[in-house]
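Here the structure comes first, spelled out in structure tokens, and everything after it is commentary.
Just so you know, all these numbers are worked out from the coordinates, no wet-lab data involved. Predicted model, so just to flag it, every value in this text is computed and none were measured. Positions of Cβ are generated from backbone atoms using ideal geometry, with glycine treated the same way; all protein chains shown enter the neighbour counts.
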């Protein structure tokens, strides 16, 4: 790493530490309020992210008015700010303080307890929805540590700082680029593995399946792990409930694995079912999903680039909302 690289690494680390440390000194309500204010500023000034979110919402909710979609996008930025504020409180959070902030979905919890009783591995199928960092952190403090797949932050010092916070109560972060063997071992040993499975994926690592009516390149890793270990796949997320002033740990019934003997088709079918489960959760709490991510960036050959220059300016609404051809996925 050159001199400039070292300087940049040090600067990014100093800024991150100062930001989290400064927010961490505040009482939780003040930290969350400050984080939300930062989210609102980001919505105002981050034009590129706002543009991406606008395109995504047109793709996902063509039936909504522009005003409804704009309101949803503002709420999404607000949710990101809340997560920043909550994350800053993790270093001093206790099981007692976290328990006051959590309410469990008893349906999802019932299926999880059954799997635990059978000694089966469990995959928490989750997304950048609600407070995904809070979900794994609070679970480790209130229940037991889990493993989760992550893409390490490019700055190693920032990565070390963030991982130290995430794993304070015993969680294990697994580098997704070298995850296969370790993830298989966790599930075969009856452990729990968290996987964020809602981001755009490189074609070498995923398959195209429907997502909000459009083909989206989606990680095939969840299906591969589940089929090889017979793990129970439970869609789950932690969303903020403004009425109760608590996080609700939402858990859907397990997604039933499809086995036909055709490995390729089984991967595609199960990946499609998992994507559909994630879509259902997002539709339940749309204001809390990460709309600013270019979810449909990887396209099948010959299909329109949703985020191209022409899309960002005057692309016709029909190009953004046209249904996917039924023959595009088999």
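Observations on the structure shown:
- Once C-alpha pairs closer than 8 Å and six or more residues apart are averaged by separation and normalised to the residue number of the stretch 3-321, the relative contact order reads 23 percent.
- Taking the DSSP bridge list for the stretch 91-249 and keeping only pairs wholly inside it, about 35 percent are antiparallel.
- Diffusion coefficient, µm² s⁻¹, Stokes-Einstein with Kirkwood Rh over alpha-carbon pairs of the stretch 63-202 at 4 °C and 1.567 mPa s: 77 µm²/s
- Over the stretch 1-155: Rg over Rh, Cα atoms, Kirkwood Rh: 1.02
- In this calculation the C-beta distance from residue 17 to residue 256 is compared with R0 = 35 Å, giving a FRET efficiency of 0.20.
- Packing around the peptides 166-173, 298-305, taken as the average count of other Cβ atoms within 10 Å per residue, puts them in this order, highest first: 166-173, 298-305.
- Full extension of the segment from residue 297 to residue 7, taken as 0.36 nm per residue of separation minus the current Cα-Cα distance, would add 101.2 nm.
- Cα-projected label distance for residue 167 with residue 26, points at 7 Å along beta-carbon direction, nm: 2.9 nm
- Under the Debye formula (equal points on every Cα, no solvent term), log10 I(q)/I(0) of the chain at q = 0.07, 0.13, 0.14 Å⁻¹: -0.29, -1.07, -1.25
- A crude spin-label estimate for the pair residue 92 and residue 204, with each label 7 Å from Cα along the Cβ direction, gives 4.6 nm.
- With 5 Å bins beginning at zero, the pair-distance distribution over Cα atoms of the stretch 188-279 amounts to 2, 13, 22, 22, 19, 11, 6, 3, 1, 0 %.
- The helix-only estimate of mean residue ellipticity at 222 nm for the chain, built from DSSP H runs of length n ≥ 4 each weighted as -39500 (n - 2.57), is -16000 deg cm²/dmol after division by the residue total.
- Inter-part distance where the stretch 242-311 and the stretch 189-205 are each reduced to a Cα centre, Å: 12 Å
- With the simple spin-label model, which puts each label point 7 Å out from Cα in the Cβ direction, the residue 284 to residue 244 separation comes to 1.2 nm.
- Length added when fully stretched, residue 113-residue 51, from 0.36 nm per residue minus Cα-Cα: 18.1 nm
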